[in-house]
């Protein structure tokens, strides 16, 4: 059963200490909301008229719903409303998109098509022109642990085959025991129109590093563990590794704060065979996979005074193998009346961990050798019309460009106008010296409209960046589109001359009905299609977002030359 069914104990009902603090002294992801609180509905909140149709005279890429509404019905006939927290990856004509799936709230374990799993996904064999909704990720042991979602998808080519990896938060449906990050390895089988995706069972990337028993009732105890949250993955195609960043909340069993951590998996050799740790593309070996162990690498320790670190995001330099990690510091805790955090500036952090620190072993041999702190004028305290998440986020997204010699960060920021802009700042690889003296604005707002949730995954073959985000034309509307800045030089000092409209129809968020909190997720996503040879990227950019044009948030896709 999933967290959220009336017959299933959520983390809050189980007395989980992390859940007791969520929304009060700390904040966390949509997956954490599912785990702690289960079903949380939202619906129309205003009388604003529905979203407008396509803009006259504007050509946009085809918009495709990757999900099937027929799949959104549980075994008892209850319909789930809403999919969000999307991620996408591609190689050649093969595309996978994944999302948080509300159908899980009404599906028992086991259900047909693994509908009890909160991570849904779909496969396209025709370059994203259409998708087959595959239900939830496979999990033969759903009575013990479930995918509670917040997926991240990555693609990999090895041995002439195409592989996809879908990571997700992975926890007990009873709200007790260890908290994990798990990975599904999928392989494209056959070719042409008969191509299909075959996916394996969960592979644990990371587990809680501390657990303890607590009394929950007279003569009754339960085991509660640190909570693992908000993972994202990135692949080093040269060294055949997969890295995962995530947040661990030690405050689950006492205290406050959260730390940023890193896990690593061996994907096998370029020929598709075993790698140094015995992993293969179809069955990676992950080093941070034993509950109660110290963990592979703590990138940033928990703040001693309780300020929250969240939203960790990785990027790998394929030339050097160095790993870059971005995250937001003092997210959400800046809002609370804590003795220290309400006086600490909100910032986006960037850290670099050298390749020589990252063996395929139980522990990293060293940590971050360089770090930067970028001040943020935060959107956290805004109530965004039609969006049921509070607080908002300013989480960074990263990309390495070896042709430009940079690692770039994008984030939403309100320093120039209250509803926010998408800012870019780049840093020299290795040293993290600033390339621009000040951040560059990427969006072109009209009448001060909202711009937030940027996506950036990697550079294109020329070393330039493609950034996408949610945008509103003015403060007088909740009609929301997706825009992009295409082919941005990481070293640019000026804003793009124009932005590209991605959505063919705007979504009126005030009129969307959803069973998920947040109803439109915490992030958008984009990714260049990958190849099996340097520079390991193709010529097509794939974009994914949660779209409410039919009145229910759905996982959409579009693609264009990147």
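The values are calculated or read from the model by the stated rules, or taken from the named source; none is laboratory data. Model, not experiment: these values are computed from the prediction. When we count neighbours, we look across all protein chains shown, and the Cβ atoms used for this are built from the backbone with ideal geometry, even at glycine.
Do we have any residue at all in segment 216-225 that's in a strand (DSSP E or B), buried (at least 24 other Cβ atoms within 10 Å of the Cβ) and in contact (Cβ under 8 Å) with a residue 24 or more places away in the chain?
Step one: list which residues in segment 216-225 are in a strand (DSSP E or B), which gives 216-217, 220-225.
Within this subset, residues satisfying the condition of being buried (at least 24 other Cβ atoms within 10 Å of the Cβ) are 224-225.
Retained after the next criterion (residues that are in contact (Cβ under 8 Å) with a residue 24 or more places away in the chain): 224-225.
The answer is yes; a qualifying residue exists.
Give 393, 382 a once-over and let me know the one that is over 21 Å from the mean Cα position of the chain (by Cα) and within 22 Å of residue 329 (Cβ to Cβ). Break it down stepwise before answering.
Details: 393 fails: over 21 Å from the mean Cα position of the chain (by Cα).
Only one candidate qualifies: 382.
Looking for whichever is surrounded by 24 or more Cβ atoms within 10 Å (Cβ to Cβ) and over 16 Å from residue 86 (Cβ atoms) here; the options are 476, 506, 497. Which one fits? Let's see the steps before the verdict.
Working: 476 fails: surrounded by 24 or more Cβ atoms within 10 Å (Cβ to Cβ); 497 fails: surrounded by 24 or more Cβ atoms within 10 Å (Cβ to Cβ).
None of the other options fit; the residue is 506.
Only one of 447, 484, 437, 498 is at negative phi, in contact (Cβ under 8 Å) with a residue 12 or more places away in the chain and over 20 Å from the mean Cα position of the chain (by Cα); which?
Numbers: 447 fails: at negative phi; 484 fails: over 20 Å from the mean Cα position of the chain (by Cα); 437 fails: in contact (Cβ under 8 Å) with a residue 12 or more places away in the chain.
Going through 447, 484, 437, 498 in turn, just one is at negative phi, in contact (Cβ under 8 Å) with a residue 12 or more places away in the chain and over 20 Å from the mean Cα position of the chain (by Cα): 498.
Can you name the residue in segment 132-167 that is over 14 Å from residue 237 (Cα atoms) and over 22 Å from the mean Cα position of the chain (by Cα) and, of all such residues, is surrounded by the most Cβ atoms within 10 Å (Cβ to Cβ)? So that I can check it myself, show each step before the final result.
Just the residues of segment 132-167 that are over 14 Å from residue 237 (Cα atoms), to begin with: 132-153, 166-167.
Within this subset, residues satisfying the condition of being over 22 Å from the mean Cα position of the chain (by Cα) are 140-144.
Values: 140: 10, 141: 11, 142: 22, 143: 15, 144: 12.
Among those that are over 14 Å from residue 237 (Cα atoms) and over 22 Å from the mean Cα position of the chain (by Cα), it is 142.
For the structure I just gave you, tell me whether residue 315 is outside any loop (DSSP other than H, G, I, E, B), within 26 Å of residue 395 (Cβ to Cβ) and either under 20 Å from the mean Cα position of the chain (by Cα) or at pLDDT below 95 (or both).
Criteria met by residue 315.
Restricting to segment 539-552, what's the tally of residues that are surrounded by fewer than 19 Cβ atoms within 10 Å (Cβ to Cβ) and either out of contact with any helix residue (DSSP H, G or I) (no Cβ under 7 Å at 6 or more places or on another chain) or in a strand (DSSP E or B) (or both)?
Here is the first cut: in segment 539-552, the ones surrounded by fewer than 19 Cβ atoms within 10 Å (Cβ to Cβ) are 539, 550-551.
Okay, now just the ones that are also either out of contact with any helix residue (DSSP H, G or I) (no Cβ under 7 Å at 6 or more places or on another chain) or in a strand (DSSP E or B) (or both), so 539, 550.
Going through segment 539-552 one residue at a time, the tally reaches 2.
Restricting segment 1-57 to residues that are buried (at least 20 other Cβ atoms within 10 Å of the Cβ) and closer than 22 Å to residue 482 by Cβ, which is modelled with the highest pLDDT?
Per the stated criteria, the residue is 29.
Pick out the one residue from 95, 64 that is more than 21 Å from residue 146 (Cα to Cα), at pLDDT 80 or above, touching a strand residue (DSSP E or B) at 6+ places or on another chain (Cβ under 8 Å) and crowded, with 24+ Cβ neighbours inside 10 Å.
Numbers: 64 fails: crowded, with 24+ Cβ neighbours inside 10 Å.
Residue meeting the stated conditions: 95.
Against the condition farther than 22 Å from residue 522 by Cα and out of contact with any helix residue (DSSP H, G or I) (no Cβ under 9 Å at 6 or more places or on another chain), how does residue 185 come out, does it pass?
Values: farther than 22 Å from residue 522 by Cα: yes; out of contact with any helix residue (DSSP H, G or I) (no Cβ under 9 Å at 6 or more places or on another chain): yes.
So residue 185 fits the description; yes.
Do you know which residues across segment 196-215 are in contact with a helix residue (DSSP H, G or I) (Cβ under 9 Å, 6 or more places away or on another chain), touching a residue at least 60 places away in the same chain (Cβ under 8 Å) and assigned to a strand (DSSP E or B)? Full working, then the answer.
As a first pass, look at segment 196-215 and keep what is in contact with a helix residue (DSSP H, G or I) (Cβ under 9 Å, 6 or more places away or on another chain): 208-212, 214.
Remaining after also requiring touching a residue at least 60 places away in the same chain (Cβ under 8 Å): 208-211, 214.
Result: 211, 214.
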